[in-house]
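One structure below.
The values are calculated or read from the model by the stated rules, or taken from the named source; none is laboratory data. Quantities reported herein were computed from a predicted structural model and do not represent experimental measurements. Quick reminder, even Gly has a Cβ in these numbers, built from the backbone with ideal geometry, and neighbours come from all protein chains shown.
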Amino acid sequence: MLITLRQINKAYHMESVDVVALKNVSTDIAAGEFVAIMGHSGSGKSTLLNLLGCLDTPDSGSYQLDGEEVSRLGSDALARIRNQKIGFVFQNFNLLPRTTAEENVELPLYYGTPMRSSERRKRAQNLLTRLGLQGRMKHHPGQLSGGQQQRVAIARALVNQPRLILADEPTGNLDSRSAEDIMALFQELNREGITIVMVTHEPDIAHFAKRVIQMRDGEIL
């Protein structure tokens with residue numbers, strides 16, 4: 001299994017109240033799966049995605065990623081795992097506005113194994129070309145459509161050749177045509193062996209995944 005969760009619990013202390021986000025969550029996700037996580041606001045799906053992405057840690061329970069227990073690792077070790085094994089795609093794209101598409105894609109490469117600038121540029125250009133943006137590499141995010149910005153974000157997520165892509169409402173800011181194009185791209189990447197876990201509240205988007213995990217009140221149904 002690429003992902004193994006056992007009895008994961010997570011609560012947040014807000015003012016004088018503890019808000020339970022996850023309760024005894026256990027599930028497995030095999031390498032090469034395409035999984036959608038669904039649920040209403042407050043169901044715990046975003047908290048679960050943050051834990052999977054090593055952006056947060058559980059209060060209790062076990063999380064094994066690619067055979068490594070990560071639930072008790074420190075911030076430096078979690079940062080290493082994020083950079084080496086995980087690519088992130090967000091609803092709001094999270095691109096740097098004063099940086100070109102090519103430079104945005106290169107960014108994760110600065111935090112891993114030292115690499116020549118020419119190699120970083122070549123890797124970014126190859127990905128952008130593959131995603132149909134060969135004529136937009138020198139454009140800034142504000143000069144791109146929403147669908148094009150999300151493709152840049154996907155190229156950035158892929159540049160370190162991760163085993164796992166985590167996508168948080170990746171079509172939330174896109175029109176229906178662009179959303180379908182992005183989901184078709186995810187399916188293509190999944191066919192190539194990349195594991196994808198996606199949070200969405202839209203049933204028609206979840207339909208593109210191979211499996212759907214439904215959540216309610218911090219639990220998997």
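Check whether at least one residue in region 58-70 is of a type in the set (Val, Ile, Thr), touching a Phe, Trp or Tyr at 6+ places or on another chain (Cβ under 8 Å) and without any contact (Cβ under 8 Å) to a residue 60 or more places away in the chain, and report yes or no. Yes, some residue in region 58-70 is of a type in the set (Val, Ile, Thr), touching a Phe, Trp or Tyr at 6+ places or on another chain (Cβ under 8 Å) and without any contact (Cβ under 8 Å) to a residue 60 or more places away in the chain.
In region 207-221 there is no residue that is without any contact (Cβ under 8 Å) to a residue 60 or more places away in the chain, outside any loop (DSSP other than H, G, I, E, B) and either under 28 Å from residue 80 (Cβ atoms) or of a type outside the set (Phe, Trp, Tyr) (or both). Take the residues of region 11-29 that are in contact (Cβ under 8 Å) with a residue 40 or more places away in the chain and within 20 Å of the chain's Cα centre (by Cα): which is surrounded by the fewest Cβ atoms within 10 Å (Cβ to Cβ)? Only one residue fits best here, namely 26. Selection of region 119-129 for residues being touching a residue at least 24 places away in the same chain (Cβ under 8 Å) and surrounded by fewer than 18 Cβ atoms within 10 Å (Cβ to Cβ) yields an empty set.
Return yes or no: is residue 107 modelled with pLDDT under 95, closer than 15 Å to residue 157 by Cβ and not aromatic (Phe, Trp, Tyr)? In short, yes.
Evaluated against (1) closer than 19 Å to residue 220 by Cα; (2) free of Cβ contacts under 8 Å to residues at least 24 places away in the same chain; (3) among the polar types (S, T, N, Q), residue 7 falls short on exactly one condition, (2). What about residue 134, is it among the polar types (S, T, N, Q), farther than 27 Å from residue 66 by Cβ, surrounded by fewer than 16 Cβ atoms within 10 Å (Cβ to Cβ) and in contact with a Leu (Cβ under 8 Å, 6 or more places away or on another chain)? Yes; evaluated as a whole, the condition is true for this residue. Kindly establish whether residue 99 is surrounded by fewer than 16 Cβ atoms within 10 Å (Cβ to Cβ), modelled with pLDDT of 95 or more and of a type outside the set (D, E, K, R). Yes.
Checking each residue in region 104-130 for being outside any helix (DSSP H, G or I) and either charged (D, E, K, R) or in contact with a His (Cβ under 6 Å, 6 or more places away or on another chain) (or both) picks out only 116. Restricting region 160-173 to residues that are in a loop (DSSP other than H, G, I, E, B) and buried (at least 22 other Cβ atoms within 10 Å of the Cβ), the residue that is nearest to the chain's Cα centre (by Cα) is 170. If you go through region 104-118 and keep only what is free of Cβ contacts under 8 Å to residues at least 12 places away in the same chain and either of a type in the set (A, V, I, L, M, F, W, C) or closer than 21 Å to residue 82 by Cα (or both), you end up with 110, 113, 114, 115.
Is one or more of the residues making up region 72-84 touching a residue at least 40 places away in the same chain (Cβ under 8 Å) and either touching a Leu at 6+ places or on another chain (Cβ under 7 Å) or not β-branched (Val, Ile, Thr) (or both)? Scanning region 72-84 turns up at least one residue that is touching a residue at least 40 places away in the same chain (Cβ under 8 Å) and either touching a Leu at 6+ places or on another chain (Cβ under 7 Å) or not β-branched (Val, Ile, Thr) (or both). Within region 154-204, the set of residues being more than 19 Å from residue 46 (Cα to Cα), of a type in the set (Gly, Ala, Ser) and in contact (Cβ under 8 Å) with a residue 40 or more places away in the chain comprises 155, 193. If I ask for residues that are on the phi > 0 side of the Ramachandran plot and either of a type in the set (Phe, Trp, Tyr) or crowded, with 20+ Cβ neighbours inside 10 Å (or both), which ones from region 47-64 would you list? Passing the criteria: only 54.
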